[in-house]
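Everything on this sheet refers to the single structure shown next.
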């Protein structure tokens, strides 16, 4: 009986070590399933998908900054700037940090085709009011692509002060490099 207890104890310890040391989620999160070359998200309950031709991830300033821009045919767009980019990992949109604040925005443009000068653009920004309002996670970076996830809350700080909640954000974007 004593030998049986020792064997069971050994099996439990090995199982515990195995299950706690293996994880499919690293600092960058899961890769997700955005169509190649696009960014998808849920904006206050409405589905958003960018066009491949107007979506990209650019490494700038010798790779120290990541800039993501993604627009769709309705005139809506996402923009992200990550300062101090360091590859795979999670980057917060936190307004309480005094330097190197990562920023995100969601923009809606209403084009007036009969009088383009009367077109309007509303911008919701994150972070706002020194709050931590979300994050973007880079799950995979190759020589040609960057994939990841995001979610955040943003505020129309120069307009009606409304909030938008962005969830289920995924991207699989072509990577560009500039100096």
request  = Any chance you could list the semi-axes, whole Å, largest first, of the equivalent ellipsoid that the Cα gyration tensor gives for segment 49-162, using √(5λ)?
outcome  = 26, 19, 11
Segment 49-105 - Kirkwood radius from inverse mean 1/r over Cα pairs (Å) = 12.3 Å
query = So, in Å, what gap is there between the alpha-carbon centers of segment 114-179 and segment 90-107?
reply = 10 Å
ask   = Taking the Cα atoms of segment 137-179 alone, what are Rg (to one decimal) and Dmax (as a whole number) in Å?
value = 14.5, 41
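Read-outs throughout are calculated quantities, based only on the coordinates presented, and are distinct from any laboratory measurement. Owing to the predicted nature of the structure, the values given are computational and were not obtained by experimental measurement.
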